[in-house]
Amino acid sequence: MGKIRRLATIATGVVAGVAMTAAPASAALPEGMTASYVVVDQETGTIFGADEHKQYRSASLVKLFIALDYLESHGPDYEIPADDLALLEPMLRSSNDDAASTLWVRDGWDEIVKRMVVKIGLTDTAPPASRGKWGYTAISAADIARTYQYIQHEANPKYRDFIMSNLEQSTKCGSDGFDQSFGLPSAIPGPKAVKQGWSGYGAAPAPGEECKEPDTRVLRSPEVKAATAIASSGEGPAGTQDIDVTSRAMHTSGTVSGKIVVVLTLEPTTLSWQESADRITTLTRDVYLRSAL
């Protein structure tokens, strides 16, 4: 059931002194969908959510950790070189996988996730069982919301401004040709900062269904090519992780009108991209409206 809670100290993102109050009913889910969601009102400190600690594979939401870890490891006085900007910007704006793979391999693979768990104080996030598969990092809606709180209120302002300004420039088209305007971008009007994730829909849209004009500003250097090949092969020890890696995953997250919104979903493999996109957009709109009741 959906629930509204009060955060004692929203400025630091510390969940303490939580008091349960009356809540509107949970948003109805379409047949076959598994979903978790959370909306944090950063003005009032209220939270509306359901199943927010359930673990999902991250898909591209892990790119928030990759970018933040890069910034934290270099320090606020570091001037990001042009070659790295050509990785970070399309990774955040257009969800570029090659850029993510390059930074993932260079900066320590699964150690990135481990560092972010400690730094941010995450409770449901864990590295992928096979370290090359960054998109199989385990996350929850609560931990992604907590990540946005950390970026906005606790991280160095330079890190906050870099990450949020890039998310504010989220492109309609992902670098792989998928339309990433589902969920938050389409469901809620007004300026917003957005990071999307998807997994299980293939490496590219079906012919004729490509989203045009993606942001593909990634250097095709030997480093990028090598890292992409390694990550794609799933290099690393095999392990076990109690998350669904077979259903299609589609996630939307970000900030709008002073609120953090995170909606994570799993869909049957029988559904198309557009069907899944329509369903998560409807759910996101419903969750956002119910959170204001």
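A few points about this structure:
- Selection over the stretch 162-194 of residues that are among the acidic types (Asp, Glu), more than 17 Å from residue 257 (Cα to Cα) and at pLDDT 95 or above gives a count of 1.
- Scanning the stretch 134-154 for residues that are surrounded by fewer than 22 Cβ atoms within 10 Å (Cβ to Cβ) and in a loop (DSSP other than H, G, I, E, B) turns up just one, 154.
- Checked against (1) in contact with a Gly (Cβ under 9 Å, 6 or more places away or on another chain); (2) surrounded by fewer than 23 Cβ atoms within 10 Å (Cβ to Cβ); (3) farther than 25 Å from residue 153 by Cα, residue 96 meets all criteria but (2).
- Residue 159 vs. criteria assigned to a helix (DSSP H, G or I) and under 13 Å from the mean Cα position of the chain (by Cα): no
- In this structure, residue 174 does not satisfy being crowded, with 20+ Cβ neighbours inside 10 Å, in contact (Cβ under 8 Å) with a residue 12 or more places away in the chain and on the phi > 0 side of the Ramachandran plot.
- Within this structure, residue 237 passes the test of being at pLDDT below 95 and at negative phi.
- Residue count for the stretch 99-124 under the criterion of being in a helix (DSSP H, G or I) and either surrounded by 21 or more Cβ atoms within 10 Å (Cβ to Cβ) or among the aliphatic types (A, V, I, L, M) (or both): the result is 13.
- Selection count where residues are in a loop (DSSP other than H, G, I, E, B) and either of a type in the set (S, T, N, Q) or under 22 Å from residue 95 (Cβ atoms) (or both), scope the stretch 248-293: 5
- Scanning the stretch 36-65 for residues that are of a type in the set (A, V, I, L, M) and over 11 Å from the mean Cα position of the chain (by Cα) returns 38, 39, 40, 47, 50.
The values are calculated or read from the model by the stated rules, or taken from the named source; none is laboratory data. A quick note: this is a predicted structure, and the numbers were derived from the prediction, not measured. Every residue, glycine among them, receives a Cβ derived from its backbone with ideal geometry; neighbour counts consider all protein chains shown.
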